[in-house]
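Read through the structure below, which is laid out as structure tokens, and then see the notes.
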Amino acid sequence: MHKRFVSNIIARVVLFVALVMLIPLAWGIFDDVHSREVGAFLITIISGIIISGIFLFVFQIKKEDYKKINAKDGLAIVGLSWIVLSFFGAFPLYLSGVVETYTDALFEIASGFTTTGSTIFTDIESLPRGILFWRSLTHWLGGMGIIVLYIALLPALGTQSSQLYKAEAPGLMVERVEPRIKETAKNLWAIYFLLSFLEVIFLMLCKMPLFDALCHTFGTMATGGFSTKNASMGAYGANVQWVVLIFMVLAGVNFILHYQFLRGHFKAPWKNEEFRFYIFIILILTPIFTIVLKLNTFSLQPFRESLFQIVSILTTTGYTTVNFNLWPTALQVILVILMFLGGCGGSTGGGMKVIRFLLAIKVALCSIVQAVFPNAILPVKFNGKALEDKLIMAVLSYFIIFILLFLFGALLFSITESCDVVTALTASLSALSNIGPGLGQVGAAENFAWISSPGKWLLIFLMLAGRLELYSILILFIPETWKK
């Protein structure tokens, strides 16, 4: 690892986020300039600027250093940046006194940056608006990627910036929309901003106040799930829920497809197998859920609740309108399967991604056919193109690591907490897939305040690992990573 280069880049990212904190600081000043939250943000911002400045001075880099960055450095920079930013971003919550321990503050902000949406707060509506805005803003920053935003806005890192882009961008096949990574990052964030702007407008047209519209837009477009209400989206009417539902669907789609659509390639999404499978899942499950939940009523409510919850869980947003802990067991099992799937590759959604699940099905089918016809040559294809064995191996490897981490997390969680097996399994899965609510004691109507500090640290690790596609966090545990 090129430690000087890594330290310099992390310091720049921390400085950037410290300046972004000026926005929630402004909300705090607007509400009450003498409040404790204002002091907390000021201390954090000033400390961040000073410490970053010291690191930038000590770990100065030259132009030729940019050429030395490799894949290992890219993974390490992204992994360490997200860890450092989570620790740094937690200080406003801790210093303002809205949480009792630093572990609680770290859990909340790690949940924000990773777009998980799990919360330790039992009364969200009592929180100061500056704190509410900051926790929601961490969603929006983490959704498209803090490092990707840094690449888009600040001076180019050279051709090797692709290593950072690949390390943070979610999905299997990390695509570009422009030859230069900087331009790709700009375009993706521009689309992200455009969709966010449109959602704010539509929510305000539904009579939602600007502050709430911004916070819920951050939670929707990042597929995060933080709300300003204790009842989540259940606190709002049908019109608001329909708007959020539509934008959750859009957030769960590969942003490359959004770019192609806006450039006039209107058929591009429908030519994409992953997108078609993503829409198919929603369309096939919604009537099934509606029929089961209908219970002899003929209103649109069961349909809307079914569709909303399916989309919310599939995209890993985690917003709730009902307590699905009370739903029939069969529907809960389907929701758990959706938790594994997640959104499309290249979206802001978490989980294993639809593309990996689709390719795994194709590999399994090919294996079955080859068992019957050993001499048959059956290439695994995606969008009409045969995939290399290396890519197929990457899919299977990811599946194995994901399942092992999920089971490992559930086992440790069951040891640290006194809970039932459903709670242990879904707590681990909701953290690793960046969903938020699970089942049992971490269900839609519950929170994570009751979990012990060791349990929260475990979930923080799983949240970070899941958001960064596992490898950027796991590589930090390999001794060779730290060698020059």
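We did not get these values from a lab; they are worked out from the coordinates using the rules stated. Please read all numbers here as calculations on a predicted model, not as lab measurements. Note that we place each Cβ from the backbone using ideal geometry, even for glycine, and neighbour counts take in every protein chain shown.
Counting every alpha-carbon pair across segment 351-451, the share separated by more than 16 Å comes to 65%.
Packing here is the average count of other Cβ atoms within 10 Å per residue, and on that basis the peptides 477-483, 441-447, 341-347, highest first, run 341-347, 441-447, 477-483. Between GLU273 and SER47, the C-beta separation translates, for a Förster distance of 51 Å, into a calculated FRET efficiency of about 0.60. Each principal axis of the Cα atoms in the chain has its own extent, and those three values, largest first, are 64, 54, 52 angstrom. Could you work out the helix-only [θ] at 222 nm for the chain, with each DSSP H run of four or more residues adding -39,500 (n - 2.57) and the total divided by the number of residues, to the nearest 500 deg cm²/dmol? So the calculated ellipticity at 222 nm is -20500 deg cm²/dmol. Taking 0.36 nm per residue of separation and subtracting the Cα-Cα distance, full extension of the segment from ILE288 to VAL421 would add 45.2 nm. Please label the shape of segment 424-463 as rounded, prolate or oblate, based on the square roots a ≥ b ≥ c of the eigenvalues of the alpha-carbon gyration tensor (a/c under 1.5 means rounded; beyond that, a/b larger than b/c means prolate, else oblate). Oblate, because a/c is 1.5 or more while a/b does not exceed b/c. Highest average first, the peptides 229-235, 348-354 ordered by how many other beta carbon atoms sit within 10 Å of their residues are 348-354, 229-235. Per residue, the Cα convex hull of segment 309-389 amounts to 107 Å³.
Residue separation of ILE377 and LEU474 scaled by 0.36 nm, minus their Cα-Cα distance, works out to 31.4 nm of gained length. Sorting the segments 218-225, 365-372 by their residues' average number of neighbouring beta-carbon atoms within 10 angstrom, most packed first, yields 218-225, 365-372. Summing charges over neighbours of GLY343, with a neighbour being any other residue whose Cβ is under 11 Å away from its Cβ, gives 0 when K and R count +1 and D and E count -1. Separation of segment 348-416 and segment 324-339 by C-alpha centroid, Å? Here the answer is 23 Å between Cα centres. Please report the spacing between the Cα centers of segment 229-245 and segment 1-21 in Å, no decimals. Rounded to whole Å, the Cα centres lie 37 Å apart.
With the Kirkwood sum run over all distinct C-alpha pairs, segment 254-370 has a hydrodynamic radius of 15.5 Å.
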